[in-house]
Amino acid sequence: MLQNKKNIKFLLINPTSPLWRVNPNQRPINSSVFRFSMLPSLYVAASMPYYVKTQILDEDIEPIDFDTNADLIGISFMTYNAPRAYEIADQFREMGKMVIFGGYHPTFMQQEAIQHADSICIGESENNIPIMIKDFMAGKLKPFYKSELVDLKDLPVLNRNLLKNNAYVTINALQATRGCYHHCEFCSVAPFNRYKLRTRPIDQVLDELKGLGRSVIFMDDNIALDREYAFELFTRMIPLKKRWYSQCEIGIAEDDELLQLARRSGCRGLFIGFESLSQQSLSNWKKYCNKEKDYLELVKKIHSMGIGIFAAFVFGNDTDEADVFPKTLDFLLKANIEVLQSTRLTPFPGTPLFDKMTKDGRIFDKDWSHYDFFHVVHKPINMNPETLHSGTAWLQQQFYSYKNITRRLRRASRYLSPNILMKVVLPINMGYRFKLSKYEAFKLGNSFHPDIN
Ligand code: SF4
């Protein structure tokens with residue numbers, strides 16, 4: 001019992017995985033270009049009662065000191081780093097420390113996670129943390145704490161000094177909205193947010209923005225989903241003269257007024273989930289917001305506003321055959337997509353896809369460390385797992401070849417500013433090329449032959 005202690009120390013760990021662990025000799029390309037401010041951890045720290053001193057430890061960039069004098073250990077994790085989280089937790093518990101978990105994986109896999117922890121924060125942290133700490137201090141920590149969705153007007157103020165600034169591409173990240181009401185089958189963001197979109201008072205967002213640097217990242221799940229809100233936010237951001245990046249759905253390009261406002265408010269890059277060129281695949285995944293969209297035309301409109309595109313494509317849909325890879329590459333090059341995230345379909349716990357594939361007995365690998373987009377863990381229908389694996393790698397090799405990087409930069413120089421090209425597009429392309437080439441899975445691309453497979 002810690003009732004008599006005036007202050008306690010809380011060590012909050014983000015566990016690493018072999019894919020993302022930083023090799024100090026390879027910096028900066030290998031590390032910071034993919035690393036954003038750890039917003040969820042900052043919110044945990046900001047939700048702590050005044051008497052708790054929080055240290056955030058990102059294991060991707062620094063090792064864990066198991067001799068820490070912290071009174072309580074917190075571990076926040078996704079699925080791919082769950083095995084490492086369990087290892088860390090087991091070690092701390094053997095040493096007599098209490099461990100609490102939070103994040104997507106423990107929220108969706110509570111019974112599995114509690115085998116390795118004393119308590120689990122289910123859902124968002126901001127409401128739960130003060131209660132958990134109070135119970136911990138009283139020696140009455142319960143195994144599960146389920147949070148209602150947080151009202152975003154009550155979000156606490158963040159202390160970004162808790163992060164090692166130079167280890168991240170930026171610590172100037174914030175949120176204006178959380179969640180998404182679409183029901184894309186593979187998405188864990190939507191169920192975590194109970195298929196609801198919440199917006200934060202715009203005055204608060206603007207206040208936070210004023211304290212940040214010129215370039216910021218909105219870590220929103222779908223920033224323009226509430227058009228009225230986005231319209232007001234973008235309008236009121238114009239005088240701030242920011243440069244911002246976020247994610248949203250392709251539909252923004254059908255709304256000329258909103259797209260222009262996004263540009264005028266400083267939008268210079270959007271992460272967009274295209275997912276597939278096939279209408280059938282989009283239907284299978286219930287990605288209805290992308291249906292019947294003329295991707296080429298819409299990309300052209302976004303580019304014409306001087307906004308770059310970070311496109312996400314997913315392979316391994318039931319309708320995908322081996323020709324999906326050359327066809328998608330053809331589109332990517334034609335559309336001059338600036339950055340690509342191409343992933344093997346991964347049924348994450350908590351998603352409808354996971355439940356469906358589990359029921360159908362199609363998941364053959366439940367080693368969570370393989371749920372990193374670099375492994376195939378399910379049986380596709382129209383190709384074998386090896387083709388899915390090597391075809392995705394082939395596409396990555398082609399997209400990030402020096403020839404194609406040079407070509408896309410040259411073409412993008414017609415609509416993106418030199419600053420965005422050299423400081424954003426080029427480093428991310430080189431970072432991807434460098435990082436991907438370190439993985440075994442990337443080399444599998446050599447065994448994929450688009451004309452034969
Ligand atoms: S639109 Fe994006 S955030 Fe929304 S459910 Fe689909 S994948 Fe998830």
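Are any of the residues in region 191-204 farther than 16 Å from GLN247 by Cβ, acidic (Asp, Glu) and at pLDDT 95 or above?
yes
Could you pull out every one of the strands (runs of 3 or more DSSP E) wholly within region 50-126 that has 2 or more residues that are surrounded by fewer than 17 Cβ atoms within 10 Å (Cβ to Cβ)?
Those strands (runs of 3 or more DSSP E) span 52-58.
Looking only at region 222-244, count every residue that is within 16 Å of the ligand (Cβ to nearest atom) and crowded, with 22+ Cβ neighbours inside 10 Å and tell me the total.
Residues in region 222-244 being within 16 Å of the ligand (Cβ to nearest atom) and crowded, with 22+ Cβ neighbours inside 10 Å: 4 in total.
Looking at ILE129, ILE114, which is the one that is farther than 29 Å from ILE428 by Cβ, β-branched (Val, Ile, Thr), without any contact (Cβ under 8 Å) to a residue 60 or more places away in the chain and not assigned by TED's automatic domain parsing to the domain that holds GLU249?
Within the list ILE129, ILE114, the selection yields ILE114.
Taking region 223-255, which residues are part of a loop (DSSP other than H, G, I, E, B) and on the phi < 0 side of the Ramachandran plot?
Matches in region 223-255: ILE223, ALA224, LEU225, ASP226, LYS242, GLU249, ASP255.
In region 132-166, which residues are free of Cβ contacts under 8 Å to residues at least 60 places away in the same chain, over 20 Å from ILE8 (Cα atoms) and outside any loop (DSSP other than H, G, I, E, B)?
Of everything in region 132-166, those that are free of Cβ contacts under 8 Å to residues at least 60 places away in the same chain, over 20 Å from ILE8 (Cα atoms) and outside any loop (DSSP other than H, G, I, E, B) turn out to be PHE144, TYR145, LYS146, LEU152, LYS153, ASP154, ASN165.
Out of (1) within 16 Å of the ligand (Cβ to nearest atom); (2) in contact with a helix residue (DSSP H, G or I) (Cβ under 7 Å, 6 or more places away or on another chain); (3) of a type in the set (Val, Ile, Thr), what's the single condition that is false for THR319?
(1)
Do we have GLY179 as within 16 Å of the ligand (Cβ to nearest atom), on the phi > 0 side of the Ramachandran plot and crowded, with 21+ Cβ neighbours inside 10 Å here?
yes
I'd like to verify a number: residues in region 270-297 that are within 10 Å of the ligand (Cβ to nearest atom) and assigned to a helix (DSSP H, G or I), how many?
Counting residues in region 270-297 that are within 10 Å of the ligand (Cβ to nearest atom) and assigned to a helix (DSSP H, G or I) gives 3.
Run down TYR168, TYR145 and say which single residue is at pLDDT below 95 and either within 16 Å of the ligand (Cβ to nearest atom) or aromatic (Phe, Trp, Tyr) (or both).
TYR168
Inside region 412-453, can you point out the residues that are surrounded by fewer than 19 Cβ atoms within 10 Å (Cβ to Cβ), of a type in the set (Phe, Trp, Tyr) and without any contact (Cβ under 8 Å) to a residue 60 or more places away in the chain?
Residues satisfying the conditions do not exist here.
The values are calculated or read from the model by the stated rules, or taken from the named source; none is laboratory data. From a predicted model like this one, the values you see are computed outputs, not experimental measurements. No Cβ is skipped: glycine too gets one built from the backbone with ideal geometry, and neighbour counts run over all protein chains shown.
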